[in-house]
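What follows is a set of notes on a single structure, which appears directly below.
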Amino acid sequence: MSNVDMQYELKFLLDANQVLTDEHTLRTELVHLDQSEGQQMDIRFMDTPQQDFFREKWILRARLKPNKDQWEITYKKRFDFSEGQDLQQVMEHAKELGYDLEDPTCKQEVDWSGVG
């Protein structure tokens, strides 16, 4: 999969005290988002009490979408970029570790949090 075909996602880490009301709903006047299109999902993250998976950069998530009766299980492995490293080098490193990046059942994503 080329870098052009890859899905990119931007995440924003927000301070809940600044963007939520006292009722824990989004303050739309602040962020200009329409909540009418939102969906509520049941999402659960699985880990050991010591957060061993998280420390090893694994994320195991179970998600139940609205009007569905089966849970969707997602496994994610995160790779960090080193100074001067590009996306292709990170993908090559994943291949060296045994990840099949051509497997059609797996999806590669690039998440950038802006933290670092």
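The values are calculated or read from the model by the stated rules, or taken from the named source; none is laboratory data. Computed from a predicted structure; not experimentally measured. Cβ atoms come from the backbone with ideal geometry, glycine included; neighbour counts cover every protein chain shown. Areas reflect the complete protein model, heavy atoms only, side chains present, ligands, DNA and RNA absent. Shrake-Rupley method; radii C 1.70, N 1.55, O 1.52, S 1.80 Å.
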Exposure rank, largest accessible area first [LYS107, LYS76, LYS57; 1.4 Å]: LYS107, LYS57, LYS76
Extension gain (nm, one decimal) between LEU20 and THR48, 0.36 nm per residue minus Cα-Cα: 7.1 nm
Förster-model FRET efficiency, 25 Å R0, TYR99 and GLN40, C-beta, rounded to 0.05: 0.15
Set of lysines with alpha-carbon distance to LYS95 below 22 Å, sequence-local pairs under 8 removed: LYS57, LYS76, LYS77, LYS107
Integer Hz, Karplus 6.51/-1.76/1.60 couplings in order for segment 94-104, x for Gly and Pro: 4, 4, 4, 7, x, 7, 8, 6, 9, 4, x
Using alpha carbons only: equivalent-ellipsoid semi-axes of segment 72-113, gyration tensor based, whole Å: 19, 14, 8
